[in-house]
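The values are calculated or read from the model by the stated rules, or taken from the named source; none is laboratory data. These numbers come from a predicted model, not from an experiment. Ideal geometry is used to build each Cβ from the backbone, glycine not excepted, and the neighbour counts take in all protein chains shown. Heavy atoms of the whole protein, side chains included, go into the accessibility calculation; ligands, DNA and RNA do not. Shrake-Rupley method; radii C 1.70, N 1.55, O 1.52, S 1.80 Å.
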Amino acid sequence: IVPYQIFKCADGYIAAGSPNNRLFEKFSAALGRPEWPRDPRFETNPERNEHRAEMIHEVESVLANLTIAQAIARLEAYG
């Protein structure tokens, strides 16, 4: 499952993931990247797994600029 791991935020770490395409859409929107699910590299879990390093880099680049509280609030807002 990609993404699914511990990620560094501006002030610590959170565990986050999206185990299916529906949740990946919500995850992407919560992080302000609604285009990710339409990117051919990230459309399905097999593609995300194949492009794991790129996907993780993208997520890390967003979360590194958010505090834990900000990240959790965004994720909770999208369920």
* Asked: Looking at the chain, do any whole DSSP H helices span at least 15 angstrom along their long axis by alpha carbon and average 0.0 or above on Kyte-Doolittle, and which?
  -> 52-63
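Keeping the other protein chains in place, figure out the carbon and sulfur percent of the accessible area of the chain, with a 1.4 Å probe.
Values: 2380 of 4530 Å².
Carbon and sulfur: 52 percent of the exposed surface of the chain.
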* To do: Would you compute, from DSSP H runs of 4+ residues alone, the mean residue ellipticity of the chain at 222 nm, taking -39500 (n - 2.57) per run and dividing by the full residue count, rounded to the nearest 500?
  => -14000 deg cm²/dmol
* Options F7, L66, A77, ranked by Cα towards positive dipole end of the chain, top entry (Cβ charges) -> A77
* Asked: Relative contact order (percent) for the chain, with alpha-carbon contacts under 8 angstrom and 6 or more residues of separation?
  -> 38
* Table column - 3J(HN,Hα) (Hz), segment 46-51, Karplus curve with 6.51, -1.76, 1.60, x for Gly and Pro -> x, 5, 4, 5, 5, 10
* Asked: Which of the following values of Kirkwood radius over Cα pairs in Å was calculated from the structure shown: (i) 17.6; (ii) 12.2; (iii) 13.7?
  -> (ii)
* Structure fact -> Heavy-atom accessible area per residue of segment 1-74, all protein chains kept, 1.4 Å probe, expressed in Å², is 55
